[in-house]
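So the structure is just underneath, and the comments pick up after that.
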Amino acid sequence: MSEELIDPDIRVARTLPSVFYTGQGEFEELKSVFSGWQFAAHKSELESVTIQPLNHIEDITGESMVLTKTDEVRCMSNVCTHRGMRLAISECDKKTLQCAYHGRTFDLKGNFRNMPEFEQATNFPSKKDDLPQFPIEEYLGMYFTSQSDCEPLPWGALKPRLDFLNIQSLKHDPTRDRDHQVSANWMLYVDNYLEGFHIPFVHPELNQALDYSGYITETFDGGVIQIGKAVEGDLKFDLPPGHPDEGQDIAAYYLWLFPNMMFNFYPWGMSLNLVVPVSTNKCRILYKGYVGDSELAEQGAGSILDTVEIQDQEIIEMVQKGMYSKVYDRGRYSPTREQGVHHFHRIISNLNKVNK
Ligand code: FES
Ligand SMILES: [Fe+2]
């Protein structure tokens, strides 16, 4: 039996070899993981519009898609079936999708409706002239879509913890949105997100709001949840009776879903980090804010998000440089603080095995 790249026993395991963060071949090979479930939009982003182009998914996967709202929410191709023009350029509340190139028109279910100068075309229109549809899944007002056959999202397992958050009632607040360019491989951003080990060293301000000794990491198929405990007197969740964490002072839930989605839940609402892979040593972090209670947003672990984000990015840009070292290749994991990173590396190395 060949030795596993990442040993299942964290106490003996070594981290991913640095070529995973620098190699062009590794970068290209891992791109396929992004065609699984991706966050599309929150319900509040469809409140006053009927057409919402998913530009971030195009950035992440290269596929142009659009959400439309009629009696239900659908996800479909945003590419005109005539000669490939992008259909929706920005969000709007129109009742049809009309191509700005030669005027082909579709209804919001994706059916071809009409097209000038095609009277003499035979066998036209056909099914091929309709817009291809993508699957859509909703959880607590958040819509997800995918471009490949993949396992369902692990919301079932998360329900007991997250249902009380009332995510469906949050409102998108565009003033909180950010688009950060980071000079590091996307997996370094994920590695960093998956451990609170660095908090006392890298985030002095956050460290004041979190009780580091009570920080918990739990891994499950397809993701990791980290639980940050509040320090005495700081902002915490009001947990309902019977909640799995009842009786504890929870400041934040940090949820990562493979490969690139991070949901940060605070008493005031939710922030979302979507990682866009750009090249072996560049990524973008699309950051979005959804608010339930804007007064609370100025307090506790979620109030210093910009500071924390910049501190993280500066660190991982330096780690990226370390990945080019000729004398560094792999490290070891802290068995008590790096279970999340180990779990992520296991997923990556298992994919790698399947692809070989
Ligand atoms: S490309 Fe859309 S109508 Fe021609
Ligand atoms: Fe951090």
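Evaluated at q = 0.11, 0.16, 0.23 Å⁻¹, a Debye calculation over the C-alpha positions of the range 96-204 (equal weights, vacuum) places log10 I(q)/I(0) at -0.73, -1.09, -1.27. For ASP179, neighbours were defined as the other residues whose beta-carbon sits under 11 Å from its Cβ, and their charges (Lys and Arg +1, Asp and Glu -1) total +1. Have a look at PRO240, PRO125, THR96 and report the one farthest towards the positive end of the charge dipole of the chain, computed about the Cα centre with Cβ charges (Lys/Arg +1, Asp/Glu -1). Value computed over the given set: PRO125.
Its relative contact order, with pairs defined as Cα atoms under 8 Å and 6+ residues apart, puts the range 247-356 at 15 percent. The phi-based Karplus calculation (6.51 cos²θ - 1.76 cosθ + 1.60; θ = phi - 60°) puts the 3J(HN,Hα) values of the range 39-49 at 5, 9, 6, 9, 2, 5, 7, 10, 4, 10, 10 Hz, whole numbers, x for Gly and Pro.
Find the relative contact order for the range 37-147 and round it to a whole percent, using C-alpha pairs within less than 8 Å whose residues are 6+ positions apart.
On the way: 215 pairs, mean separation 31.2, N = 111.
Rounded, it is 28 percent for the range 37-147.
Which longest uninterrupted range of the chain lacks any GluC sites (Glu not before Pro) assigned by DSSP to a loop state (not H, G, I, E or B) and surrounded by at most 13 other Cβ atoms within 10 Å?
On the way: sites that count: GLU3, GLU4, GLU47, GLU72, GLU117, GLU119, GLU232, GLU246, GLU295.
In short, 120-231.
Summing Cβ point charges (Lys, Arg +1; Asp, Glu -1) relative to the Cα centre of the range 37-147 gives a dipole of roughly 300 debye.
Computed from label points 7 Å out along Cα-Cβ, the spacing between ASN123 and LYS31 is 3.2 nm. For the range 37-147, taking the reciprocal of the average inverse distance between every pair of different Cα atoms yields a Kirkwood hydrodynamic radius of 14.3 Å. Over the chain, all Cα pairs binned in 20 Å intervals from 0 give whole-percent P(r) values of 27, 54, 17, 1, listed from short to long. Counting only heavy atoms of the protein chains and using a 1.4 Å probe, TRP256 has close to 0 Å² of accessible surface.
Excluding same-chain neighbours fewer than eight residues apart, the aspartates and glutamates reachable from LYS236 by a Cα-Cα span under 19 Å are ASP163, GLU205, ASP211, ASP245, GLU246, ASP249, ASP293, GLU295, GLU298.
The range 133-206 and the range 229-294 have Cα centres lying 7 Å from one another.
Cα-Cα over 18 Å: which of LYS282/LYS321; LYS31/LYS282; LYS171/LYS288; LYS31/LYS159? Let's see the in-between values first.
Working: LYS282/LYS321 12 Å; LYS31/LYS282 14 Å; LYS171/LYS288 11 Å; LYS31/LYS159 29 Å.
Where the Cα-Cα span goes over 18 Å, the pairs concerned are LYS31/LYS159.
Of all aspartates and glutamates in the structure, the ones whose alpha carbon falls short of 17 Å from that of LYS109, not counting any fewer than 8 places away in one chain, are ASP71, GLU72, GLU91, ASP93, ASP129, ASP130, GLU137.
The values are calculated or read from the model by the stated rules, or taken from the named source; none is laboratory data. Small disclaimer: the values here were computed from a predicted structure and weren't measured. Neighbour counts run over all protein chains shown; Cβ positions are idealised from the backbone, glycine included. What goes into the accessible areas is simple: the full protein's heavy atoms, side chains included, and nothing from ligands, DNA or RNA. Shrake-Rupley method; radii C 1.70, N 1.55, O 1.52, S 1.80 Å.
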